[in-house]
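Down below is the structure, laid out as structure tokens.
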Amino acid sequence: MMLSLSSKEEYWLDRAMQGNLTYKESLELTDDLTLFSMGKIANRLTSIQAGNVVSYAVSYNINYSNYCAASCPICAFYVPIKLKGKTDRGYELSIDDVRSELGKAKKEGATEIHIVGGFNPDLPMEYYEQVFSTVKKHLPSVTLKALTIPEIDFIGKVTGNSIKEVVSRMKASGVDAHTGGGAEIFNHDIRAQITTKEKISGEKWLEDAKLIHSLGLPGNSTITYGHVESWNDIVDHMVRIRDNQMEQPGFLSFIPLKFSFENTPLERMGKVKRPSDGAKDLKVIAMARLIMGAALRNISVYWVGMGKLVAQEALNYGGNDLVGTAFSEKIYRATNKSDVSTIEELAFLIKGIGRIPAERDTFYNIIAYT
Ligand code: SF4
């Protein structure tokens, strides 16, 4: 049931629908409205843009290596590359390992393979090409979503390829989309506290996204929130993603990633002591819907980070997608998030709020209603 809107809420809904809420206005909106009001208008806009359907992908994650040349304070997944050969915690998947993972993905009925890893300077471009072509050879009907934008940039630098060449070789070996990760937070000072210099700046992320999209490789966009950022940094990040999309379309969705702090350097430094609360999680989703407006239809709720129950409520606050089953996800698991889900459970959560569950492909086309 849609709740009626007050004249103030109608005003902000109209502004959001125009798709050009400014940074200043977005902050005014969050001062002017209660969380409940933000949710009401975000839910109304979701219904206009995406109807009554909530989608998800049957996705299988492959993390090819956890060795990394960066040591981001937000990350519990990496093993420093300088420890290679000195620890049994690091790994690089062989092509045989990838084949074995694909066997599991097939059993789970995956229609999407999601591949990311650490910044591993020892892997040549040919390794990635082999991994990608192995996916397409063994599972020709899946879509392949691979590499974050900072990974693409890093691989270009260490293999002596331009971004244009890396993207062209990714596409030629079977990649259909990039993953959109690594955006973190664009604000320079905050980014410097949660990443290291090996990861590209926010400005470069946005510039690379435009170039990658102009080369015909679409992908998602993300934010990592709930660490040391302020609300203003979140709003600034969302407005910059939206403006980037207006200038050069190519983002398929916006996925807010709730920071999971356990086992991370930020936790060890005492900078983050608890996860963001449910109210903040809902506010982030609502503002994502309102700021993206007409520029981006899909606001995805990543239940792995948010937890299933808050994620279910976030679908009433602007979300129209639950991302996916995330079979075999390792990056959040490194932070003690070991929750798993089945297709049936995701459908149950969606039906529980009176919406229609539907399996989708990487490009947000509906494959089947559940
Ligand atoms: S977030 Fe990515 S780049 Fe940073 S340490 Fe972790 S794996 Fe490496």
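If you go through the stretch 141-187 and pick out every residue that is touching a Phe, Trp or Tyr at 6+ places or on another chain (Cβ under 6 Å), crowded, with 22+ Cβ neighbours inside 10 Å and part of a loop (DSSP other than H, G, I, E, B), you end up with 2. Figure legend. Inter-residue proximity from the stretch 57-74: first residues without any contact (Cβ under 8 Å) to a residue 24 or more places away in the chain, second residues more than 9 Å from the ligand (Cβ to nearest atom) and among the charged types (D, E, K, R), beta-carbon distance below 8 Å, spacing 6+ or different chains. No pairs are indicated. In the condition set (1) modelled with pLDDT under 95; (2) surrounded by fewer than 22 Cβ atoms within 10 Å (Cβ to Cβ); (3) within 30 Å of residue 18 (Cβ to Cβ), residue 323 is compliant with all but (2).
Against the conditions (1) of a type in the set (Phe, Trp, Tyr); (2) within 16 Å of the ligand (Cβ to nearest atom); (3) assigned to a helix (DSSP H, G or I), residue 77 satisfies every one except (3). Screening 151, 184, 198 for residues that are within 13 Å of the ligand (Cβ to nearest atom), more than 27 Å from residue 60 (Cα to Cα) and touching a residue at least 24 places away in the same chain (Cβ under 8 Å) leaves exactly one candidate, 198. Evaluated against (1) within 19 Å of the chain's Cα centre (by Cα); (2) exposed (fewer than 14 other Cβ atoms within 10 Å of the Cβ), residue 111 falls short on exactly one condition, (2). Picking from residues in the stretch 115-131 that are more than 9 Å from the ligand (Cβ to nearest atom) and aliphatic (A, V, I, L, M), the one that is surrounded by the most Cβ atoms within 10 Å (Cβ to Cβ) is 131. The residues listed here are 296, 282, 309; of these, the one that is surrounded by 21 or more Cβ atoms within 10 Å (Cβ to Cβ) and over 24 Å from residue 179 (Cβ atoms) is 282.
If I ask for residues that are over 30 Å from residue 270 (Cβ atoms), in a strand (DSSP E or B) and of a type outside the set (Ser, Thr, Tyr), which ones from the stretch 49-74 would you list? Answer for the stretch 49-74, where residues must be over 30 Å from residue 270 (Cβ atoms), in a strand (DSSP E or B) and of a type outside the set (Ser, Thr, Tyr): 53, 54, 57, 61, 62. The residues of the stretch 13-34 that are within 16 Å of residue 242 (Cβ to Cβ) and in a helix (DSSP H, G or I), listed by number, are 15, 16, 17, 23, 24, 25, 26, 27, 29, 30.
The values are calculated or read from the model by the stated rules, or taken from the named source; none is laboratory data. Being a predicted model, the structure only gives us computed values, none of them experimental. Counting neighbours? That spans all protein chains shown, and the Cβs are built from the backbone with ideal geometry, glycine included.
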